[in-house]
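Novice: Questions regarding the structure given below will be posed in turn.
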Amino acid sequence: MIALYGEYEPWWFFDDWKDDIVSQNDYATFQEASQAYQQIYSELEMQYPYKETKKSYLTTFWNETEIRYCEDCEDDIQLFHSIMLLKDDRPFEVFQPTASK
């Protein structure tokens with residue numbers, strides 16, 4: 001599981017996205033990783049009023065007061081606390097079986 005803090009949501013994967021990593025943990029099983037993800041998710045959900053999730057295990061949390069001034073764009077930029085589960089540096093895809101007819 002990877003935790004990020006920066007000005008981009010985790011699903012963008014810009015070239016320098018790893019620069020925003022604040023913690024990273026490896027787990028022996030998906031179950032262990034998922035439990036850790038859920039625990040951090042719950043903690044962040046209690047601290048931040050806004051959240052968005054994409055691709056099952058890419059979630060970002062924020063509040064409107066946590067911003068950084070950008071001199072290049074002469075404006076405030078929203079900052080995000082994000083968590084994600086990756087496998088081989090790619091979003092973890094959850095297999096969803098299709099119903100047979």
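Read-outs: derived from the displayed coordinates by stated rules, not from any lab. Being a predicted model, the structure only gives us computed values, none of them experimental. All Cβ positions, even for glycine, are placed from backbone atoms using ideal geometry, and neighbour counts span all protein chains on display.
Novice: Please sort by residue number the trypsin sites (Lys or Arg not before Pro) in region 1-99 whose DSSP state is loop and whose Cβ has at most 15 other Cβ atoms within 10 Å.
Specialist: Taking region 1-99 and a limit of 15 other Cβ atoms within 10 Å, the loop trypsin sites (Lys or Arg not before Pro) found are 55.
Novice: Taking the Cα centre as origin and putting +1 on Lys and Arg beta-carbons and -1 on Asp and Glu beta-carbons, what dipole magnitude results for region 1-86, to the nearest 20 debye?
Specialist: Charge dipole of region 1-86: 600 debye, to the nearest 20.
Novice: Between beta-carbons, use under 11 Å as the cut-off and find the net charge around residue 62, counting Lys and Arg +1, Asp and Glu -1. Provide the component values of the computation, followed by the final result.
Specialist: Details: positive: 51; negative: 7, 9, 52, 64, 66.
Result for the neighbourhood of residue 62: -4.
Novice: Looking at 29, 39, 65, which one has the Cα that reaches farthest to the positive end of the dipole of the chain (charges on Cβ: Lys, Arg +1; Asp, Glu -1)?
Specialist: The residue sitting farthest along the positive end of the dipole is 29.
Novice: For the chain, what is the relative contact order in percent, using Cα pairs closer than 8 Å and at least 6 residues apart in sequence?
Specialist: 34
Novice: Continuing with this model, one more query. Working out 0.36 nm times the residue gap between residue 28 and residue 5, then minus their Cα-Cα distance, what length gain in nm do you get to one decimal?
Specialist: 5.8 nm
Novice: What value, in deg cm²/dmol to 500, does the helix sum -39500 (n - 2.57) over DSSP H runs of n ≥ 4 give at 222 nm once divided by the residues of the chain?
Specialist: That comes out to -6000 deg cm²/dmol.
Novice: For the residue pair residue 75 and residue 88, what label-to-label distance in nm results when each label sits 7 Å from Cα along the Cα-to-beta-carbon direction?
Specialist: 3.8
Novice: Right, something else. Students often get this wrong, so try it: which of (1) 14.7; (2) 15.2; (3) 13.0 is Kirkwood radius over Cα pairs in Å as calculated from the structure shown?
Specialist: Among (1) 14.7; (2) 15.2; (3) 13.0, the one derived from this structure is (1).
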